[in-house]
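What follows is a single structure, written as structure tokens, with notes after it.
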Amino acid sequence: MKLFVGLGNPGSKYARNRHNIGFMAVDRIADDHGFGPWKSKFQAEIAEGRLGHEKVLLIKPQTFMNRSGQTVGEAMRFYKLEPTEVTVFHDELDLAPGKVRVKAGGGHAGHNGLRSIHEHISPTYDRVRLGIGHPGRKEMVSPYVLGDFSKADADWLDDVLRGVSDGAGHLADGEGGKFMNAVALRTAPPRSSKSPAEAPKTAPKPAPHSEPDDRSAMQKLMDKFR
């Protein structure tokens, strides 16, 4: 069994925040892969289903971001799982909007949700880092992540969420490379290999029209030396 944890803050006020892209990711997976209805357990909303060859529990902690680890730790202990069987989907300031990366273990880089999970289960869980870009200045980070995605973000955001859902089965099976390929097919589809049609070749210019020469041989010779 695997735990797929989306990070965010509960309530409609936060639903479209950049900080809630983790919630958005697991919502898309649940919708696309026929997961059961969302239920309340572990101070979270949970949904059960299958991805690839694995049973997967999707989790959206309802404790607010900085206490996410309480939910994850409780669920992990209930199912007797190891931290390496947990994958957390979260917003990433250090990646450009639309970029996605998979990471095993590591630091929390100041992310309050990850910091809480570190404290409750250790840092050895897997992450799917969903790029939202950086506002440019440290003092702008909080209003930026708690701000809604703009209309201009709609296309790349939809591509990312579709790609994550497309590759979710590979991720559950531990095939990170195939997961990233599925994401890339949505966010950076390959260009067509078909070469553009060749331009038609220029037709040779017709020879200029000339009148028939009916002079006698002697006349031609005389004209040559004039």
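Being within 11 Å of LEU3 (Cα to Cα), open to solvent by less than 50 Å² (accessible area, probe 1.4 Å), in a helix (DSSP H, G or I) and among the hydrophobic types (A, V, I, L, M, F, W, C) narrows it down to one of VAL88, VAL72, VAL56, so name that one. Talk me through it step by step, then tell me what you get.
On the way: VAL88 fails: in a helix (DSSP H, G or I); VAL56 fails: in a helix (DSSP H, G or I).
Of the residues listed, the single one that is within 11 Å of LEU3 (Cα to Cα), open to solvent by less than 50 Å² (accessible area, probe 1.4 Å), in a helix (DSSP H, G or I) and among the hydrophobic types (A, V, I, L, M, F, W, C) is VAL72.
Determine if region 118-132 includes at least one residue that is farther than 23 Å from GLY49 by Cα, touching a residue at least 24 places away in the same chain (Cβ under 8 Å) and in contact with a His (Cβ under 6 Å, 6 or more places away or on another chain).
Yes, region 118-132 contains at least one residue that is farther than 23 Å from GLY49 by Cα, touching a residue at least 24 places away in the same chain (Cβ under 8 Å) and in contact with a His (Cβ under 6 Å, 6 or more places away or on another chain).
State yes or no: is GLY98 buried (at least 18 other Cβ atoms within 10 Å of the Cβ) and in a loop (DSSP other than H, G, I, E, B)?
So GLY98 passes the test.
Can you give me the ranges of the helices (runs of 4 or more DSSP H) entirely in region 137-226 with at least 2 residues that are modelled with pLDDT of 90 or more?
Values: elements: 141-145, 154-166, 168-172, 176-187, 217-224.
By residue number, 141-145, 154-166, 168-172, 176-187.
Buried (at least 16 other Cβ atoms within 10 Å of the Cβ), outside any strand (DSSP E or B) and in contact with a Pro (Cβ under 6 Å, 6 or more places away or on another chain): does that describe SER116?
Considered against the rule, which asks whether it is buried (at least 16 other Cβ atoms within 10 Å of the Cβ), outside any strand (DSSP E or B) and in contact with a Pro (Cβ under 6 Å, 6 or more places away or on another chain), SER116 comes out as no.
Can you run down the residue pairs with Cβ atoms below 8 Å, 6 or more apart or on separate chains, where the first is in region 1-13 and within 17 Å of ARG77 (Cβ to Cβ) and buried (at least 21 other Cβ atoms within 10 Å of the Cβ) and the partner is modelled with pLDDT under 95 and among the small types (Gly, Ala, Ser)?
Taking only residues 6 or more apart or on different chains, not a single pair turns up.
The values are calculated or read from the model by the stated rules, or taken from the named source; none is laboratory data. This is a predicted model, so every value here is computed, not measured. For neighbour counting, all protein chains shown are included, and Cβ atoms are generated from backbone atoms with ideal geometry for every residue, glycine included. Quick note on the areas: whole protein, heavy atoms, side chains included, nothing else; ligands and nucleic acids left out. Shrake-Rupley method; radii C 1.70, N 1.55, O 1.52, S 1.80 Å.
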